[in-house]
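Structure first, then comments.
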Amino acid sequence: MPTGTPACDLCGQDAVFLDRVRGCHLCGDHLLRDVEGRVRRTLWDYHLIRPGERIAIALSGGKDSTALLHLLRKILPLSGDVTLSAITVDEGIAGYRDATLEVAREMAARLGVEHRVVSFGESLDAMVAAGGDHPCGLCGIHRRRALRRAAMEMGATAVATGHNLNDEAQTVVMNCLRGDVRGFTRPQPGGPREGDLRRIKPLFRIPEKEVALYGMIAGIFHDLPECPYAGTALRSEVRRMVDRLEYLRPGTLGRIVRGQEEVAALCGGGVQGRASRDGDPEEQGKG
Ligand code: SF4
């Protein structure tokens with residue numbers, strides 16, 4: 001009996017997702033396989049993870065980083081020589097971080113991954129109360145430092161973050177709006193080299209909606225509070241703009257990111273242009 005629900009184009013089961021870019025319906029099982037396959041290809045295409053590496057996952061406890069941990073734990077050859085660990089940065093944001101910390105601890109324990117929680121020293125709430133008027137700018141700078149320090153102490157060779165396709169497209173647009181030539185021409189998704197510690201983004205080709213659906217179907221999605229400072233970031237305005245463009249013209253997010261990649265390649269992997277004084281937008285507003 002037809003259920004009235006569109007059928008998966010691959011198996012005929014009830015679909016849970018319409019991919020408006022590729023024009024196909026997928027059931028839950030095929031969505032999981034599709035996302036895992038694309039992350040595998042991203043790792044391969046960009047040589048993101050190398051034999052013998054120790055990867056530290058920046059595990060905020062939100063939907064992207066928990067999906068990243070789950071995915072890497074599943075698709076990396078764990079009996080091989082790549083080691084996973086996780087780091088959670090507690091920024092000191094009352095009413096927000098406690099819930100995500102709990103999820104991060106539970107996920108790491110469930111998957112048997114070494115997990116470390118680090119803090120800024122002075123809480124972000126205290127910095128804001130003392131007059132810090134760009135919470136996300138402050139947070140981004142301190143979080144990057146805390147992550148880097150912890151990753152180096154843990155002997156990591158790369159930090160993996162949960163940035164998805166929407167995040168990447170937003171960052172490209174933010175760099176344009178801020179006239180940040182250096183950020184705009186930076187090669188993705190490996191990002192800048194920081195000494196011997198690379199930053200990698202295995203989810204950068206997966207749209208946010210698909211990451212969230214992946215988490216729900218895999219049973220790892222948690223409905224968590226939003227950071228109270230999120231609305232103050234330029235990213236929240238850019239997010240509304242690019243989401244609307246993606247809705248009106250499916251594929252816009254991918255075109256923005258691929259366009260930036262081509263510009264970075266033409267520039268030989270980054271130029272020494274002017275950087276914005278507001279810090280790196282990659283880290284900002286992405287609680
Ligand atoms: Fe930090 Fe993200 Fe909150 Fe901004 S939205 S303050 S970057 S956790």
**OP:** Could you please rank Thr42, Thr88, placing first whichever residue has the fewest other Cβ atoms within 10 Å of its Cβ?
**Re:** Thr42, Thr88
Subject >> Contour minus Cα-Cα distance for Ala212 and Asp9 (0.36 nm per residue) >> reply: 71.0 nm
Original post:
Can you put Met241, Met107 in order, fewest other beta carbons within 10 Å first?
Top reply: Met241, Met107
Subject >> Per-residue [θ]222 nm for the chain (sum of -39500 (n - 2.57) over DSSP H runs n ≥ 4, rounded to 500) >> reply: -14000 deg cm²/dmol
Subject >> Where labels lie 7 Å past Cα in the beta-carbon direction, separation of Val263 and Arg41 in nm >> reply: 2.5 nm
Original post:
Can you sort Ile206, Ile220 so the residue with the fewest Cβ neighbours within 10 Å comes first?
Top reply: Ile220, Ile206
**OP:** With label points built 7 Å along Cα→Cβ from the Cα atoms of Glu237 and Arg255, find their separation and express it in nm.
**Re:** 2.4 nm
**OP:** Sticking with the crude label model, points 7 Å out along Cα→Cβ, report the distance from Ser123 to Glu153 in nm, one decimal please.
**Re:** 2.0 nm
Original post:
By how many nm would the segment from Ala99 to Arg33 lengthen if fully extended, with 0.36 nm per residue of separation less the alpha-carbon distance?
Top reply: 20.8 nm
Subject >> Stretchable slack from Ile75 to Glu106, in nm (0.36 nm times residue separation minus alpha-carbon distance) >> reply: 9.1 nm
**OP:** List the residues whose amide H sits under 5 Å from the amide H of Ile57, counting only those 5 or more places along or on another chain, with H placed 1.01 Å from N in the peptide plane.
**Re:** Ser85, Ala86, Ile87, Ala160
Subject >> In segment 93-135, the GluC sites (Glu not before Pro) that fall in loop regions by DSSP, at most 15 other Cβ within 10 Å >> reply: Glu122
**OP:** Please work out the Cα center distance from segment 202-223 to segment 72-134, rounded to the nearest Å.
**Re:** 18 Å
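Read-outs: derived from the displayed coordinates by stated rules, not from any lab. None of these values were measured; they are calculated from a predicted model. Positions of Cβ are generated from backbone atoms using ideal geometry, with glycine treated the same way; all protein chains shown enter the neighbour counts.
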